[in-house]
Amino acid sequence: MKIVILLGAPGSGKGTIAGRLVAHNSGFKHVSSGELLRDAVKRQTLAGLAAEDFMKRGELVPDQVIADMIKDYIADVKGECTLLLDGFPRTVVQAEILDQVIEGSDAELQATVLMEVADEILFERIAGRRTCPKCGAGFHIKTIRPVKDGICDACGTGLVIRKDDNPETVKNRLAVYKVQTVPLIDFYSARGVLKRIDGFGVINDIVERVRQVLI
Ligand code: AMP
């Protein structure tokens, strides 16, 4: 298995781009740490209970909680594929745990793709974001409109605004990104695996930029 880390601030388009890559190439698989956690919260599992309050505040959940979920996910992946890790790792400690997981498996890190987007654009994107609470598909009221207003194209469920997409929490999530996740840029850059992508523009163009660095 190859692993591609998608790195970027909230609203940088990691999930959207991963969704497009998977839709056009069955060799890709996509896992979003945020989705795993939201599902765990919904099901009120132990991990979900441990994560819920951190998520409401826009803070990171404890490293070990999310690392264990990702480890279990990777262990369950069958067959050859390129796994797109969206939202994990988000701290240097998580990156070190991922290194250990990779060392103990037949997986290899192909690249870390950094989606670069200006802060004003991030706020604008998140303000218009609508999410499917059932399958996790993401939409935007202006740029990624569903066929039927307010309804998920993939599964027909009513779209919602994520609880942590309110302006106060978004501000906190961006501050947390800068302090806790930005150090990963140097971490992966030092290894020569960091690929910087301009995350602004038309979605198809951004997808193409990512595709090009993964060839
Ligand atoms: P996301 O859907 O990636 O924006 O994540 C939503 C929320 O889930 C974040 O604000 C964090 O509270 C939590 N979360 C997701 N991924 C991680 C991670 N790798 N480490 C810690 N917390 C995470």
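The values are calculated or read from the model by the stated rules, or taken from the named source; none is laboratory data. Source: prediction; values computed, not measured. Cβ: placed from backbone, ideal geometry, glycine included. Neighbour counts: every protein chain shown. Quick note on the areas: whole protein, heavy atoms, side chains included, nothing else; ligands and nucleic acids left out. Shrake-Rupley method; radii C 1.70, N 1.55, O 1.52, S 1.80 Å.
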Net lengthening on full extension, A127/I161 (0.36 nm per residue, minus Cα-Cα): 11.4 nm
Return, ordered by residue number, the residues of region 195-209 whose backbone nitrogen is under 12 Å from a label point located 7 Å along Cα→Cβ of A23. 203-204, 207
With θ set to phi - 60°, apply the Karplus curve 6.51 cos²θ - 1.76 cosθ + 1.60 along region 22-29 and write out the HN-Hα couplings as whole Hz, x wherever there is a Gly or Pro. 5, 5, 9, 8, 6, x, 9, 10
Nearest 0.05, what FRET efficiency do E103 and I185 give at R0 = 25 Å with Cβ-Cβ as r? 0.65
Accessible heavy-atom area order of D53, D149, highest first, probe of 1.4 Å: D149, D53
Given H placed 1.01 Å from N in the peptide plane, which residues other than close sequence neighbours of A107 have an amide H under 5 Å from its amide H? none
Binned Cα-Cα distances of region 13-61, short to long, each 5 Å bin given as a whole percent: 5, 21, 23, 15, 14, 13, 8, 1
Tell me, in nm to one decimal, what length is gained between F54 and L214 on full extension, where the rule is 0.36 nm per residue of separation less the Cα-Cα distance? 54.3 nm
Which one, V77, V65, F139, projects farthest toward the positive side of the charge dipole computed for region 62-168 from Cβ point charges (K/R +1, D/E -1)? F139
What Kirkwood hydrodynamic radius do you get for the chain when you take the inverse of the mean 1/r over all pairs of distinct Cα atoms, in Å? 17.6
